[in-house]
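Note sheet for the following structure.
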């Protein structure tokens, strides 16, 4: 399908999603919110997609929320219509209209079955930054700028960033950036471990694609999907035994797989492995394990 606010391009089993409202610095509106979610739904179901790169068209990655409604930009009653009320007149916070749009994007990326690389080509603030936190690796152009600007707009952390950001950079750094709401450079983002490297603008996508190829060309897609979810889900575990239990299941299932046999033989025979298992068809029967009551 064609998108109004995105480019969706697959080449060599790498999907590049480009936020494409350059005249608005790729500011995110309701159409873009829906289209990003749809693009990740589509990618998860596409066996030809083994890795995803997200970047921005033009000079910005994403300038945050589209502020074209002015003072009413963040007033949900104005944007989506009045939310439901409880019999006592209080807001019914279970009304879907209350749900944060940036959070919908972040949670969809979090659930993704494929590895996700952010190639941050320019300014990324507000939800343009929080959406990156659920991505796995962030590479910044030397032209990139970042900002968790919510405190300066009379808002609060969104996009599930109060969960993701401290886990990515640590609580002290997360609070400093969130309290001040200041715009900071790619160098400060690197020092704070928000991004893994800084590169020249003209090298950003080639380096992101080279990294994606390291994953796509040399690893088992099923293994990558399972490793991604193991790492993210275990951030919330209260004991390493939870990791041991699910890793034991995973090692048992993957140890019997065609991919594991191929991986060992390729190593012994000193040749590149050819992994044939695919996502989601060849995921083990206990996936997604976090849906089970014992792991909730």
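Read-outs throughout are calculated quantities, based only on the coordinates presented, and are distinct from any laboratory measurement. All values derive from a computational prediction rather than experimental measurement. Cβ coordinates were reconstructed from backbone atoms using ideal geometry, including for glycine residues, and neighbour counts include every protein chain displayed.
A few notes on this one:
- Rounded to the nearest 500, the helix-only mean residue ellipticity at 222 nm of the chain stands at -11500 deg cm²/dmol, with each DSSP H run of n ≥ 4 adding -39,500 (n - 2.57).
- Modelled label positions at residue 267 and residue 249, each set 7 Å beyond Cα in the direction of Cβ, lie 2.5 nm from each other.
- Contour excess over end-to-end distance, with Cα ends at residue 286 and residue 176 and 0.36 nm allotted per residue: 35.6 nm
- Among 284, 206, 96, the residue with the largest mean-square fluctuation in a Gaussian network model of the chain, with springs joining Cα atoms closer than 10 Å, is 96.
- Taking the number of Cβ atoms within 10 Å of each Cβ as an exposure proxy, the fewest-first ranking of 261, 104, 7 is 261, 7, 104.
- Residue 34-residue 191 FRET efficiency (beta carbon distance; Förster radius 45 Å; 0.05 resolution): 0.80
- Förster radius 35 Å - calculated FRET efficiency between residue 258 and residue 97, Cβ distance, rounded to 0.05: 0.15
- Between 0 and 90°, nearest 10: helix 221-234 axis offset from the chain longest Cα axis: 50 degrees
- This ranking places 54, 274 by how few other beta-carbon atoms lie within 10 Å of each, fewest first, which gives 274, 54.
- Between the helical axis of 101-110 and the longest alpha-carbon principal axis of the chain there is an angle of about 10 degrees.
- Degrees, to the nearest 10: 204-218 long Cα axis against longest axis of the chain: 30 degrees
- Per residue, the Cα convex hull of segment 108-147 amounts to 52 Å³.
- Kirkwood analysis of the Cα pair distances in segment 1-103 returns a hydrodynamic radius of 15.5 Å.
- Inter-part distance where segment 27-80 and segment 168-232 are each reduced to a Cα centre, Å: 19 Å
- Residue exposure sequence - 148, 40 - by fewest surrounding Cβ within 10 Å: 40, 148
- Calculated FRET efficiency for the pair residue 85/residue 12, C-beta based, R₀ 45 Å, to 0.05: 0.30
- Fully extended contour minus Cα-Cα distance, from residue 59 to residue 231, at 0.36 nm per residue: 58.7 nm
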